[in-house]
Amino acid sequence: MLFYWPLGKILGMGFNGNWLQAVFTDRIASLVWFTIWQAALSAILALLFGIPGAYVLYHRTFRGQKFLRAFITVPFMLPTIVVAIGFTAFRHLSFVSSLVTGHSGIPIIICANVFMNYSLAVRIIGGVWTSLDAGLEDAAALDGAGRLRTLVSVTLPQLGNSIASAAALIFLYCAANFGLVLVLGGASVKTIETEIYVASTQYLDLPKAAGLVFFQTLITIAAFVVAQRLSKGRMNFFSGTSLERRNPIDKRDLPASIITTGFIGVIIALPLVTVLWRAFRVGNSFGFLNFTNLTGFGARDVLSISVRHAAMNTVRNAIVTTFLSIVIGILIAYLLSRPSVNAHDGPFQRVMDIVFQMPVGISSVVLGLGYLVCFGGGLFPLRSSWLVTPIAQSLLSIPLVIRMLHPALTNIDDELLEMAATESASPYQIWWLIELPIVRNVILMATGYAAVIAIGEFGAANFLAYGDQGTLPTVLYQLISRPGAQNYGMAMAASSLLIGTALLIMYAVSAFDRTERK
């Protein structure tokens with residue numbers, strides 16, 4: 001109700017107008033096409049670099065592996081506005097700009113998309129890679145197959161499910177990214193998401209916004225259907241338990257190691273280091289003035305609340321969002337993991353998979369606008385409460401929680417559950433005494449992911465968090481969109497704190513990663 005009601009309300013209001021005339025134009029067709037191809041290209045690049053990364057970081061072992069896994073996850077956990085800020089600074093480096101960006105904002109947007117979603121490809125594919133039977137690769141090696149031939153002929157076919165799943169998820173995240181395009185694209189580059197924002201906020205053109213949401217919904221459904229077809233079954237985004245000890249990295253892994261190291265060093269580390277460097281940069285020297293200024297309201301009091309106040313709001317919202325995401329995510333994942341009783345259960349569960357994953361590909365801007373329309377009064381006056389922001393944010397993190405928990409629940413040995421049922425154990429006892437202990441570490445991991453995602457959510461918060469309820473991402477956008485060295489320095493300082501926080505959380509979460517076992 002909290003997702004499909006606001007979505008349906010906005011669509012209904014828009015379709016009452018002349019939405020066909022508003023969206024069936026050459027400009028909108030070009031915008032929709034750009035949204036699709038830039039998301040597809042970003043997903044392809046993330047997979048091309050992610051497969052070698054999955055091999056090195058999950059299929060082999062070496063010192064510092066645990067830290068690198070946490071480090072590459074930081075971009076995905078950061079607020080999109082922080083990533084945009086990082087690549088804004090990245091673009092200011094003339095030698096990088098001449099090589100990467102040229103005179104267009106499109107290359108930098110694609111680079112930022114890959115930067116954010118690289119860890120998804122590595123984690124999804126790597127998590128499955130650890131569960132593959134190494135005997136098949138050993139048999140191929142005995143038959144004279146080299147590493148590359150074994151990868152193409154033996155390993156990649158087994159990873160097809162995870163590759164399709166990763167492609168679908170990354171595509172949708174890139175297609176629905178709001179903050180990156182808003183900051184990096186400016187007025188010259190627009191996607192469906194940013195056009196919905198402009199149509200609904202600046203022009204109050206609901207027919208146009210509704211038509212664009214309709215296209216966005218079709219793209220989301222199509223992405224999941226294609227991924228399900230390619231994966232030949234239900235998509236598992238996070239799975240894998242190491243079956244045996246993994247081999248240490250050796251000289252034959254040099255090509256994959258070079259690709260992974262180069263990508264992490266240039267695409268992942270450089271923007272983050274640039275933000276940290278600029279956070280301490282004060283004029284022509286270095287110091288902590290930018291951090292000290294975080295207690296204020298920016299140059300010419302551009303902020304209505306201090307960064308510290310916004311940080312407190314963000315932490316409070318993150319706690320509520322995480323609680324809702326975990327509770328609801330566990331319930332849905334549990335229901336979806338139940339074994340099929342008849343032939344109709346399989347297709348029904350696949351449809352439910354798409355239903356619960358829809359928030360991933362639907363505009364957070366529309367979700368925020370829908371909440372303004374549906375919950376401004378009446379029986380559910382959520383708009384007047386600070387709870388509206390974490391509730392909306394939880395709808396965006398629940399799908400990821402489900403995708404982490406669902407494979408873990410379906411991988412539990414059915415015989416174990418049947419033996420417990422034979423001993424007259426109730427479903428509650430089976431869950432509490434058997435299933436919960438098995439998936440406890442996955443729940444802890446999902447909790448960390450949900451918390452950091454809640455901290456970084458920008459699209460819905462930009463609509464719903466007004467006045468003294470502003471969050472860190474909304475405050476950062478206000479700072480970066482206003483001129484002045486002080487505001488820019490404060491944005492960099494706050495971004496560096498978020499980078500450090502995300503790294504600490506993800507490093508702690510990696511302790512619960514079941515694929516860490518050797």
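The values are calculated or read from the model by the stated rules, or taken from the named source; none is laboratory data. As the structure is a prediction and not an experimental result, all values here were calculated from the model. Counting neighbours? That spans all protein chains shown, and the Cβs are built from the backbone with ideal geometry, glycine included.
Odds and ends about this structure:
- Answer residue from region 43-90, given it is among the small types (Gly, Ala, Ser) and more than 20 Å from the chain's Cα centre (by Cα) and is surrounded by the most Cβ atoms within 10 Å (Cβ to Cβ) among those: Ala89
- Flag if Leu20 is at pLDDT below 90 and either assigned to a helix (DSSP H, G or I) or in contact with an Asp or Glu (Cβ under 8 Å, 6 or more places away or on another chain) (or both): yes
- Complete set of residues in region 27-86 that are basic (Lys, Arg) and either in a helix (DSSP H, G or I) or touching a residue at least 60 places away in the same chain (Cβ under 8 Å) (or both): Arg27, Arg60, Lys66, Arg69
- Selection status of Arg149, out of contact with any Cys (no Cβ under 7 Å at 6 or more places or on another chain) and free of Cβ contacts under 8 Å to residues at least 24 places away in the same chain: yes
- Subset tally (residues that are crowded, with 17+ Cβ neighbours inside 10 Å and either at positive phi or β-branched (Val, Ile, Thr) (or both)) for region 283-313: 4
- For Arg316, the conditions (1) surrounded by 15 or more Cβ atoms within 10 Å (Cβ to Cβ); (2) farther than 22 Å from Gly489 by Cβ; (3) in contact with a helix residue (DSSP H, G or I) (Cβ under 7 Å, 6 or more places away or on another chain); (4) not aliphatic (A, V, I, L, M) all hold with the exception of (3).
- Residue under evaluation Lys518, criteria (1) at pLDDT below 85; (2) of a type in the set (Lys, Arg); (3) out of contact with any strand residue (DSSP E or B) (no Cβ under 9 Å at 6 or more places or on another chain); (4) closer than 30 Å to Gly127 by Cα, criterion not met: (3)
- Here Thr261 meets the list (1) at pLDDT below 80; (2) under 20 Å from Leu120 (Cα atoms); (3) among the hydroxyl-bearing types (Ser, Thr, Tyr); (4) in a helix (DSSP H, G or I) almost entirely, failing just condition (1).
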